[in-house]
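Participant: Have a look at the structure that comes next, please.
Only the coordinates and a few stated rules stand behind these numbers; no lab work does. Small disclaimer: the values here were computed from a predicted structure and weren't measured. Positions of Cβ are generated from backbone atoms using ideal geometry, with glycine treated the same way; all protein chains shown enter the neighbour counts.
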Amino acid sequence: MKKIFDEVSYSCSKKVTNTYSTSFSLACKMLSKNIRQDIYNIYGFVRFADEIVDSFHDYDKKILFEEFNKDLEKAIKNKIHLNPILNSFQITYHRYNIGKDLVDAFMDSMRKDLTVTKYKTKEDYLGYIYGSADVVGLMCLKVFVKGDQKKYNTLKDYAMKLGSAFQKVNFLRDYKSDLEILKRSYFPNVQLNNLNEKSKEEIINDIEKDFKKGLMGIKLLPIEAKFGVFMAYRYYNQLLKKLKQTPAPEIKNTRVRVANLKKVELLTRSYVKYQLNLM
C-alpha cells in the first residue's frame, strides 16, 4: 500500500526539518496542521539539495548532485520515488500544482554553488537569490493559498521579497563559514575577506527594505499560514538586529546566533502581537 510508504516519507521530511533547523521547525509548528506537512516536504527537498553542494566535501558533489537531479525528475514524472524525501516532495508538487520553472530555478542556483565562488555583479547576485530563496518562498506560497492562482499572483512579489530577506540574512550570518570552508562570497559589493562597516550597512539597508515589503505580504496571508510566517519573520528580523549591532570584523570571525531561550521569548511576544493585530 503506497499510503504507508507516503506516511513514512512524510515522517522523513519532518525529521529532516526538525533536525536541520530548530528555528524553521518552530515556525512550522505555528502553521495550520492541514498545510504543515507540505511545508516539511518542501523543506526536506531543498535541504538535501543544499547539503550536497555545501557539506559533502569528501565526496564528488557534482556526481551526487546530478544523480539527485535525475531522481527528482523521475519522482515528478512518475509520481513516486523510493527516496522518501523526493517522494513526499512530489506529492506536494502535484497537489498544489507547483511550477516546474520554480523547481528548475532552484536546482540551477544550487548547481552554481558547485563552481561559482564570487558574484561580481548585482544582476548575478539577484539571479542566484531568486533561484536559491525566492522560488522556495513561492513554492511555500502555493501551499499557503492552496493552489489558488489569483491569490498566488497577488502575494507573489511579497513572498519573493521575504525570501530574499531571509537569504541575505543567511549570507551575512554565514559570512565566516562561507569564506573559510566554501571559499565563497555572495555580496557583489564586498571583496573576499573584506567586509567593512560601509558594505555591512549597505547590505543591512537592503535587507530592511525587503523585510518591509515582506511584512506587508504576511498581513495578507491566509489565516492558516499567517502566524507561522510571521514567526519566521520575527526570528530573522531578530537575527538581523544582532548582526546590525555586531562590528564587521566580528562578523568575519564568528557566527551570530539567536539563543534558544530568546527564540521562546520571540514566540511568546509574536503570539501576543499577532493576537492583538500589532504586526
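Participant: Just name one of F230, T121, N97: the one whose Cα is farthest towards the positive end of the charge dipole of the chain (beta-carbon charges, Lys/Arg +1, Asp/Glu -1).
Facilitator: F230
Participant: Now for a different question. Among H94, H81, rank each residue by its count of other Cβ atoms within 10 Å, from fewest to most, as a rough exposure measure.
Facilitator: Details: H94 11, H81 20.
Ordered from fewest to most neighbouring Cβ atoms within 10 Å, H94, H81 come out as H94, H81.
Participant: Here's another thing I want to ask about it. If eta is 0.890 mPa s and T is 25 °C, what Stokes-Einstein diffusion coefficient results for the range 78-222, Kirkwood Rh from Cα pairs, in µm²/s? List each step's numbers first, then the result.
Facilitator: On the way: Rh = 16.5 Å.
It comes out at roughly 149 µm²/s.
Participant: To the nearest µm²/s, what D does Stokes-Einstein give for the range 124-205 at 37 °C and 0.692 mPa s, using the Kirkwood radius over alpha carbon pairs as Rh?
Facilitator: Values: Rh = 14.0 Å.
Roughly 235 µm²/s, to the nearest whole number.
Participant: With 10 angstrom as the radius, rank C12, C140, C28 by how many other C-beta atoms surround their C-beta, starting from the fewest. Please list the in-between numbers first.
Facilitator: Details: C12 18, C140 26, C28 21.
The fewest-first ordering by Cβ neighbours comes to C12, C28, C140.
Participant: With all pairs of different alpha carbon atoms counted, what Kirkwood hydrodynamic radius in Å does the range 28-149 show? Kindly include the intermediate steps, with their values, before the conclusion.
Facilitator: On the way: mean 1/r = 0.0666 Å⁻¹.
That comes to 15.0 Å for the range 28-149.
Participant: How long is the range 2-275 along each principal axis, judged by its Cα atoms, biggest number first, in Å?
Facilitator: The Cα atoms of the range 2-275 stretch 54, 49, 35 Å along their principal axes.
Participant: Projecting each Cα onto the charge dipole of the range 158-239 (Lys/Arg +1, Asp/Glu -1 at the beta carbon, about the Cα centre), which of Y186, F211, S199 comes out farthest on the positive side?
Facilitator: Of the options given, the answer is F211.
Participant: List the lysines whose alpha-carbon lies under 16 Å from that of K242, not counting same-chain residues fewer than 8 positions away?
Facilitator: Hits, sequence-local ones excluded: K168, K176, K200, K252, K262, K263.
Participant: Now, a different point. So if I take the centroid of the Cα atoms in the range 1-74 and the same for the range 161-224, what is the distance between those two points in Å?
Facilitator: Using only Cα atoms to place each centre, the spacing works out to 23 Å.
Participant: Further, regarding this structure: What's the exposure ranking of K161, K100, going from fewest to most Cβ atoms within 10 Å? Walk me through the numbers before you get to the answer.
Facilitator: Numbers: K161 21, K100 10.
The fewest-first ordering by Cβ neighbours comes to K100, K161.
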